[in-house]
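To start, the structure itself, in structure tokens.
The values are calculated or read from the model by the stated rules, or taken from the named source; none is laboratory data. Just so we're clear, the structure is a prediction, and the values are computed from it rather than from any experiment. Here the Cβ positions follow ideal geometry from the backbone for every residue, glycine too, while neighbour counts run over all protein chains shown.
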Amino acid sequence: MKIIVTGGAGFIGSHTVVELIARGHEAIIVDNFSNSQPFIIDRIKEITGVSPKLYQVDCTDKKALKQVFENEKPEGVIHFAASKAVGESVLKPLLYYRNNLTSLINVLEIMKEEKVNNIVFSSSCTVYGSPDVIPVTEKTPIKKAESPYGNTKQIDEQILTDFQKANPLFNVSILRYFNPIGAHPTGKIGELPIGTPNNLIPFITQTAAGIRKQLTIFGDTYDTKDGSCIRDYIHVIDLAITHIKAIEKLKKENGIVDVYNVGTGVGSSVIEVIESFEEATKQKLNFRIGNPREGDISAIYADNTKIVSELEWKPKYNLKDALVHAWEWQKKLQK
Ligand code: UD1
């Protein structure tokens, strides 16, 4: 299939482009490089031998985006392009609503005009808020969003569902990611946080690399096995592959909305992640216990039964693999 990948130079987008190419698809990248870098495109070529076509376009610019669709005539879209920092969304809510809602609306309007019927959308487990029961299934109730970022994901899911209802031939796959981590095993592509990382794994690898002095564990008095928060960390390649399986399924369907949790089904605490990192990479981490971070929930992990059975998908990598790959990426970044 020829597939437009918005945000295709980003962390999850670039790994998805690599996997699309590996499976014989044609990926057309649309990216404005607001949170990614052009050298990633060269790296995709180094890994796959194929240089994906790139349009440096902002998805909030409907005219420019429409031109891409007219030129390329894709069969489907994988829509990653969005702002994703929870804390920043609290400070700059309008930026988040503009970017994350306008982009999706533009994509859908153009898809309708150009008669492109298949979209895979990147959502987040953040839509479940602080769940009453874990693991969460796709039927777990959606809670009021804790941040403008989380709210944009909820609204986007609603926009997609409403749009599909009004356009019965349209196919939607909503992927609710748990915590994507890791990097390509070649060390050529990975996460590129701007400034001080908010997320745990880049903070760990930067601390091990000496860029950050100390890692703070945000709280050790939660009601969990060791008092630190529990998350479901999924290797970015395993996550990337679900997008391809999802869009290949949509191509065979007529008028559906699929919703999948994309997680490993395994919950790991912050302390376990640190121990696994130290063990797998033989690096000693300088860390301390700090206060809980505002807005953090104590524990969440996925019931992934649905995606495992319907998409015949199984995670290939475990936590240690992902941490080793993230560390290899970090080391190469500094060379
Ligand atoms: C958050 C968002 C998620 C978003 C993801 C990626 C929520 C509920 N979740 O996930 O939607 O997709 O970011 O941007 O808003 N931690 C530390 N020390 C640190 C950093 C993190 O102890 O320096 C802990 C956190 O308390 C948390 C875990 O590590 O328990 C993971 O944190 P993080 O990587 O920021 O991801 P989430 O907050 O789970």
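For this structure, a couple of remarks:
- Condition met for Lys153 (out of contact with any His (no Cβ under 9 Å at 6 or more places or on another chain) and part of a helix (DSSP H, G or I)): yes
- Residue-level analysis places Ile21 outside the set of residues that are at pLDDT 95 or above, assigned to a helix (DSSP H, G or I), under 28 Å from Leu95 (Cβ atoms) and of a type in the set (A, V, I, L, M).
- Considered as a group, the residues in the range 229-288 that are within 16 Å of the ligand (Cβ to nearest atom) and of a type in the set (Asp, Glu) include one that is farthest from Ala166 (Cα to Cα), and that residue is Glu278.
- Condition check for Phe163: surrounded by 16 or more Cβ atoms within 10 Å (Cβ to Cβ), at negative phi, of a type in the set (A, V, I, L, M, F, W, C) and more than 21 Å from the chain's Cα centre (by Cα): yes
- The lone criterion from (1) in contact with a Cys (Cβ under 7 Å, 6 or more places away or on another chain); (2) near the ligand (Cβ under 9 Å from one of its atoms) left unmet by Ser130 is number (1).
- Filtered residue count, the range 29-57, keeping only those that are in contact (Cβ under 8 Å) with a residue 40 or more places away in the chain, assigned to a loop (DSSP other than H, G, I, E, B) and buried (at least 19 other Cβ atoms within 10 Å of the Cβ): 4
- Search result, residues across the range 170-203 that are more than 17 Å from Thr126 (Cα to Cα) and of a type in the set (Phe, Trp, Tyr): Phe170, Phe203
- Meets criteria (surrounded by fewer than 23 Cβ atoms within 10 Å (Cβ to Cβ), closer than 22 Å to Ala9 by Cβ and hydrophobic (A, V, I, L, M, F, W, C)) for Ile217: no
- Restricted to the range 197-219, and to residues there that are hydroxyl-bearing (Ser, Thr, Tyr) and under 19 Å from Ala183 (Cβ atoms), the residue that is nearest to the ligand (Cβ to nearest atom) is Thr207.
- Test: residue in the range 150-173 that is basic (Lys, Arg), under 27 Å from Thr264 (Cβ atoms) and more than 13 Å from the ligand (Cβ to nearest atom): no
- Going through (1) in contact (Cβ under 8 Å) with a residue 24 or more places away in the chain; (2) surrounded by fewer than 18 Cβ atoms within 10 Å (Cβ to Cβ); (3) within 25 Å of Val116 (Cα to Cα) one by one, Val90 falls short only on (3).
- Helices (runs of 4 or more DSSP H) enclosed by the range 183-286 - at least 3 residues per element that are in contact (Cβ under 8 Å) with a residue 12 or more places away in the chain and under 19 Å from the mean Cα position of the chain (by Cα): 200-208, 236-251
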